1. With respect to residue 107, determine if the residue is at pLDDT below 90 and within 29 Å of residue 171 (Cα to Cα).
2. Would you call residue 162 within 20 Å of the chain's Cα centre (by Cα), under 21 Å from residue 50 (Cα atoms), part of a helix (DSSP H, G or I) and modelled with pLDDT under 90?
3. If we scan the stretch 155-166, do we find a residue that is over 22 Å from residue 45 (Cβ atoms), touching a residue at least 24 places away in the same chain (Cβ under 8 Å) and surrounded by 15 or more Cβ atoms within 10 Å (Cβ to Cβ)?
């Protein structure tokens, strides 16, 4: 008799345990968002590296085979890129600072933070404008000695990159309050 009770208890124990758990789903099984999506989208996602990647000099160096650059032309492009990086290092440093200020301002709802954010955004736009002007000047000097086919191909590549870069900037600066 005790053997039958023991067997019955062993067979019923898992059923009872499952019934107490309910549907089998616990709070730990449920997916919860730790950070609301609205909070995650605040602030820019732009990085200095994103802007550095938009260098037309870098693009043309990477596309040297498509442009059929001679060794001398390639060396000239590399030299110009190194010179550009050195000359514009302070601009990239200030861009990094403005981006940090903008991200900090986006995380705070205060009026002071909004003002800092507007100032940072304005600073970012000025730096980007200055960098583009510097890129254009460097590019003009580099493209002058190229033949007509090389110039046409280079201009086409640079224009396509510029369009994609403008789109990227709009996307990565989205979520930032505009003044």
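The values are calculated or read from the model by the stated rules, or taken from the named source; none is laboratory data. All values reported here derive from a predicted model rather than from experimental measurement. Because the Cβ atoms are built from the backbone with ideal geometry, glycine has one as well, and the counts that use them run over all protein chains shown.
1. yes
2. no
3. Checked against the condition, which is being over 22 Å from residue 45 (Cβ atoms), touching a residue at least 24 places away in the same chain (Cβ under 8 Å) and surrounded by 15 or more Cβ atoms within 10 Å (Cβ to Cβ), the stretch 155-166 yields at least one hit.
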